[in-house]
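To keep things clear, I will list the structure first and then write my remarks on it.
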Amino acid sequence: MRVLYSGEEIQRRVEELAAELRPLYADRNPLLLGVLKGSFIFLADLARALAIPLEVDFVQLASYGDGTESAGFVRFERDVERPLQGRHVLVVEDIVDTGHTLRFLLSTLASRQTASVRVVSLLEKPSRRCLAVRPDYVGFTIPDLFVVGYGMDLAEGFRHLPDICVLEADDK
Ligand code: PRP
């Protein structure tokens, strides 16, 4: 396993993203909407770095494909707790890969009378994008590597790692 971004590098980038987002959301009591499970650490760090009044909720989405990547069919495992009407929603993702998950979520949010919806993703892999959907704010743009750590998993393992790491052939 090799480190792609260290915990220190991630924290610096999270601070930069927070500095960019803070003026947009100060005094708006935004709803940080994390997409479980992979976003849980990024959301926790971003919420603290923003250091403004905000609320937090989570959705969990399931996609059905060949098991290694999301396919066109996505559905809610868990929806938000409270109505989104009039809310400034900041979707928080760990990674946007093919874009199926984000497209489904954004199309769902479009019917909920939000005041605004923006998306921040810690990582994106533009080389794998199938759909014309992209996050408004991105931490790091990466090539087509399988990454774990900082919330991201392989078979539910490695989520706790403080760094974002690339799995190599002998890491299983
Ligand atoms: C990951 C990630 C995104 C999605 C992106 O979730 O958190 O939600 O895949 O892929 P896409 O752009 O190809 O749709 P995953 O399904 O691995 O679930 P997890 O967050 O619970 O690990």
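The values are calculated or read from the model by the stated rules, or taken from the named source; none is laboratory data. The model shown is predicted, which means the values in this text are computed figures rather than measured ones. Cβ atoms come from the backbone with ideal geometry, glycine included; neighbour counts cover every protein chain shown. With ligands, DNA and RNA removed, areas are computed over all heavy atoms of the protein, side chains included. Shrake-Rupley method; radii C 1.70, N 1.55, O 1.52, S 1.80 Å.
Less than 5 angstrom separates the built amide H of residue 5 from those of 164, all sequence-distant by 5 or more or on a different chain. Rounded to the nearest 10 square angstrom, residue 27 shows an accessible area of 150 square angstrom against a 1.4 Å probe. Considering every alpha-carbon pair of the chain, the percent of pairs per 5 Å bin, from zero through the bin containing the longest distance, is 1, 8, 18, 22, 21, 16, 9, 3, 1, 0. Projecting the Cα atoms of 14, 117, 40 onto the charge dipole of the stretch 13-127, computed from C-beta unit charges around the Cα centre, puts 117 farthest toward the positive end.
Assuming a ≥ b ≥ c are the square roots of the Cα gyration tensor eigenvalues, decide whether the stretch 73-147 counts as rounded (a/c under 1.5), prolate (otherwise, with a/b larger than b/c) or oblate. Because a/c hits 1.5 or more and a/b exceeds b/c, the stretch 73-147 counts as prolate. Measuring with a 1.4 angstrom probe and ignoring ligands and nucleic acids, residue 5 comes out at about 40 Å² accessible.
Loop-resident GluC sites (Glu not before Pro) (DSSP state other than H, G, I, E or B) in the stretch 99-172 with no more than 11 further Cβ atoms inside 10 Å of their Cβ: 156, 168. Altogether, the Stokes-Einstein calculation at 10 °C and 1.306 mPa s, with the Kirkwood radius of the stretch 1-86 over Cα pairs as Rh, returns a diffusion coefficient of 106 µm²/s. Restricting attention to the chain, close to 35% of DSSP beta bridges with both partner residues there are antiparallel. Under a model in which nothing but the beta-carbon of Lys, Arg (+1) and Asp, Glu (-1) is charged, the chain shows a dipole of about 620 debye around its Cα centre. Here the Kirkwood formula, the inverse mean of 1/r across different C-alpha pairs, assigns the stretch 115-172 a hydrodynamic radius of 12.9 Å.
Taking 15 Å as the cut-off, the amide N atoms of the stretch 137-172 that come nearer than this to a point 7 Å along the Cα-to-beta-carbon line of residue 9 belong to 139-150, 162-167.
To the nearest 0.05, how large is the calculated FRET efficiency for residue 167 and residue 51 if R₀ is 22 Å and r is the Cβ-Cβ distance? Intermediate values should be presented prior to the final figure.
Numbers: r = 34 Å, r/R0 = 1.54.
So the FRET efficiency works out to roughly 0.05.
What order, most packed first, do the peptides 139-150, 112-123 have when packing is the mean number of other Cβ atoms within 10 Å of each residue?
Details: 139-150: 17.5, 112-123: 19.0.
For the peptides 139-150, 112-123, the packing ranking is 112-123, 139-150.
Listed highest first by mean packing, meaning other Cβ atoms within 10 Å per residue, what order do 76-84, 36-44, 16-24 come in?
Numbers: 76-84: 12.0, 36-44: 20.0, 16-24: 14.9.
Packing proxy ranking, top to bottom: 36-44, 16-24, 76-84.
Using only side-chain charges placed at the Cβ, +1 for Lys and Arg and -1 for Asp and Glu, the dipole size of the stretch 95-172 relative to its Cα centre rounds to 560 debye.
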